Every structure is written in C-alpha cells, then in structure tokens.
Amino acid sequence: MNGLDWTVLIAYFAVMVAIGFWSHSRVDDVGDYFTAGGRMPWWLSGISHHMSGYSAVMFTGYAGISYQYGVTSYFTWAFPIAIGVGLGARWFAPRLNRMRSRLRVASPLEYLKDRYNLPTQQALAWSGVLLKIVDVGAKWAAIATLLSVFTGITITQGIVITGAITAVYCTVGGLWADALTELGQFAIQLVAGLAMLVAALSKLGGVDSVWNVWDEPALRHHGHPTAGPYTAVFLLAYLFIKTFEYNGGMWNQAQRYMATGSARKAARSAMLSSALWFVWPLVLFFPMWIAPLLVHAKKPDASDSYALLTERLLPHGLLGLVVVGFFSHTMAMCSSDANAIAAVVTRDIAPAVSRTAREWGSRIGLIAARATTLLFLGLSMAIATQVDSPAFKDIITIVIKWVAGLVGPIAIPFLLGLMPRFRRSGPTAALVSWALGLVAFYLVNYPVNDAVSGGVGLEYQISVPVAISLVLYIAIGWIKPEDTPERDALIAKVNADGDGAAAAVLPEPERGYAAG
C-alpha cells in the first residue's frame, strides 16, 4: 500500500466513526440501542442483515477453499444461506418482529423466560455469549491477517486497530450505527468487488473467460459443486444449520427483523437479504476461483491467495478500496454481534444475577449496554490473538466447525419455541436438547481416541450435534408435553397475523430499560 491506499483506508475509518456519532442522536434508550425502536426501513434492515452475515473470513478461509476446490465455496456456503434466509422470510422473520412489538422485548432471548423458564434462558444466553466471543475473535484474526499482508504490521496490531475503531461507532450509535455503517460498507464493497471482478476478467482475456477458463489444467476440477471434505452431505447439513443461524439463531440477524416496523416488512427484508446472498457472492468468488492461474499461495491452506491476487491485479487507490472492503464485512459482522451480545447480557443475564440490574432505569441501562459492548469487543480481541493456538487450530476451523456445530443446540429451542407446531416442547425438551447437543459436539470433534477423530468427516462433525438437538427437542416434547395456557398464549401472540385482538394484547415496547 502507498499513500493513496492509506488515504482511502483512513477516510473509510473516519466515515464509519462519523456515522456512529451521527447515530448517537437517534438513541435515547435500550429499545433504540438494540432494536432501533422498531423504526428501521425494511430495505436497510435487509442490507444490514446481509452485510452482518459474513466477514473477512470470506477473503481468507473461504478464499483458501476457492483456491483449492473452486465453486465448491459458493455451493456449500453462500447458496445454502440464500435458501435458508429465503425460508426464514416465511417461518421466522415475521415471528421475530411480532416478538418485539407484542411481547415488549429488546433482546432476542427475553421471551425465553416466559416461553420456558429462567434456567433455560440462562443456559442458552451463557453458552451463546461464550461461543460468540470465540467466533468474533476468529473474525478479528482474519482481518488482521489480511492487514498484515498489505501493510506489514503484526497480527496483534491489526486486531487492536480494527477492534478499537469498531468499538467507537457501535458503542456510541447502537443498532442504528451498525445498520447505517453497513449500508455504507455495502456501497464500498459493491465498487471494490466489481473492480476486482473486472480486473480478473481483463487479465484472463475478457467476459468470455467466465465460461472458457474452466478448461485450464489448474482449474480442471474447480467446476464441481462439491469437492474434498465439502460433500453433498456437508451441503445439506450446512443448509439445515444456516437456516437456523442466519434467521436469528445467533441473535444478531434476529435484531434486524425485530427492528423493522411490522412483520410484513421483516419478511421483505429477509427476501432482500436472500436475493443478495444468491447473487453477490458470485461476484466476490469468481476472482478467488481463478486465482491458481494468477498467483501461487504461500500458506498451506491458501488463505493468503486473495490478498496476493489483489496486490497483483489492482492499481494503488483501488487496492486501498479492496482492503476497505475486507474491513467492511468484518466490522459489519463484529459490530452486529457485539450489539446482540450486549442485549443478551444486559437484558437477560444481568437481571438474573443482580437485583441492582433489575432496577436499572433508562439512563443506567443504556450506560450498561454500552459498557457491555466494549467488554465483549475486548474479550473477543483477546481471543483473536490466540486463534492459531493448538486449541483453536486456525480461522476456518473455528468458523466452520465450532460455530456450525454449536449453533444448533442454542438456536433450536430459541427459534422453534416461537412456532405453534412445537408448543408441547417445554423447559425439559429445551434444556436436554441443548445439553446433549453440546455433548455430541464434543464427542464427534474431540474423542478420546485420536483414530476415531480422524475417521469422523467434517459433515458429521457439524451435523450430528444439531440433529441430536432437533430430535430430542421434538421427541421430549411429545413424551413429556409441557404446554400450559400461559405458554400457548405467548406463542399465539407472535403467530397471529393482522391487527386483530391477539395482535393488540400488548402495545409497542415502552421507552426505557424497565419495559418488559
């Protein structure tokens, strides 16, 4: 990077911080901080939902998969997410929006105390928070890895820089700042991604190379939808898992649906996000697929291939813009996760363990929310410095194995608990399915016998935990039904369409922490 590239990067950081401070005026209480007061336009919610769904891991871990296996990276990642989010437009997005407006909650998990009980709520909250600290830590490490390639600064320095800037705008402006910065980040990534695509096509001889390039020996096997450990079973497992994760199972996407003005608008935002997932990753992935023709990756997992490709193809100025694109995705996901975790900690965990927290007013609750956001970012940054340790192995292992394998036991009781079909599943079903899902994850990923570990495919490492959780959640609900009139009434409130009596049971959330 030269002076022009640094100017682009610094200008980007300045704009993100400015948006954060501008958003500060729109945040009066925790309802604004965590759910934008239910006033976010559906199109902004949809773009924010999409942008908060992936990070610089795409340009490191998934770039490595693209370099080695080609189009497999799209068909076993973006494609199932697009389908899952499209399904969620009907199944989950409207219910999550009604959960905010009719149950008067500011956190995705607040309703769990009444849907199940306090222990269930706390189990899901604590385990999800711990998982997200590790997950976001992997994201910081990914962007710092890219930054080190372009600038030569250390991984730790890169983590501190990106984390500190993200902390400023997302702590000051809350969900409004997250969504508005994600809109700006989407515009930047649109230009950067198209610039990279045009540069790659020009290097290969024009638009015709989109079809002709696959005959090259280096890309002979790059046209297969599934390859290596990313098999058809992996694709189906990922479709199932990502349907839960990207429809609110890990909370930050749930906030986007909660933030819109109505259930119908939430569904429209989900459809927009789904359409973007179908189309936009194709633009980003193509240069990664043809990278073996242009660069030679130095790392064993080829996670540096996209950075090397960018250095070769783009002139200064555009190079800085693409680096900004790396930052845009990572900062979008990490800031949205930080806001979601702060919501869960201040609205669900803190009141359960502290009487003082239960008595917080609007002002103190907002201060606590911002302090929790900073604490989460700090812990995830500390984890990021250890991402290459033997315990975590590497970035892509954390993102694919840990998150995909653990999201099911956390997400299934949360999301299925909203649906009438599963009303018989109560606290016992939720806790047992959660606990044994976690046990299953440990057994298939870290068995006592190393020979057994080597024989368990990646598709089973991520699918077995969620399958066990789902089966137990449904089966225990039928064996030991725990539906009560109170729980049935709660489910009815989030499922009734229109503005009828069921919809009018509870008004919009009151302003202030004490609401709900």
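Taken together, the values in this text are just the output of simple stated rules run on the coordinates, not laboratory data. Because the structure is a prediction, the values reported are computed rather than measured. Every residue, glycine as well, gets a Cβ built from its backbone with ideal geometry; the counts of neighbours run over all protein chains shown.
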A chain fully extended from TYR446 to SER202 at 0.36 nm per residue, minus the present Cα-Cα distance, gains in nm 83.2 nm
Kirkwood Rh over alpha-carbon pairs of region 245-344 plugged into Stokes-Einstein at 20 °C, 1.002 mPa s gives a D in µm²/s of 133
The local net charge around PRO481, scoring Lys/Arg +1 and Asp/Glu -1 for residues other than PRO481 whose Cβ lies under 15 Å from its Cβ, equals +2
Residue separation between LEU194 and TRP22 times 0.36 nm, minus their alpha-carbon distance, gives in nm 59.0 nm
In degrees, nearest 10, the alpha-carbon axis of helix 3-23 is tilted away from the dominant principal axis of the alpha carbons of the chain by 10
For the chain, longest principal axis from Cα atoms; helix 42-51 axis from its Cα atoms; angle between them, nearest 10 degrees, is 60
Note on the chain: the mean projected area of its alpha-carbon convex hull, in nm², is 22.6
Tilt, helix 93-103 to longest principal axis of the chain (alpha-carbon atoms), in degrees rounded to tens, equals 40
Of all stretches in the chain that avoid GluC sites (Glu not before Pro) placed in a DSSP loop and having at most 15 other Cβ atoms within 10 Å, the longest is 1-358
Nearest-0.05 FRET efficiency for VAL283 and ALA489 at R0 = 51 Å, using Cβ-Cβ distance, is 0.60
Reduced to Cα centres, the span from region 330-377 to region 76-117 in Å works out to 20
Expressed in angstrom and rounded, the centroid-to-centroid distance over alpha carbons for region 402-451 and region 1-32 is 38
Scoring only Lys, Arg, Asp and Glu (+1, +1, -1, -1) among other residues with Cβ under 13 Å from the Cβ of ASN339 yields 0
Total charge of the residues flanking LEU109 in space, meaning their Cβ is under 13 Å from its Cβ, with Lys and Arg +1 and Asp and Glu -1, is +2
Quick note on HIS222, HIS49, ordering by fewest other C-beta atoms within 10 Å, gives HIS222, HIS49
Contour minus Cα-Cα span, ALA232 to ALA371, at 0.36 nm per residue, comes to 45.7 nm
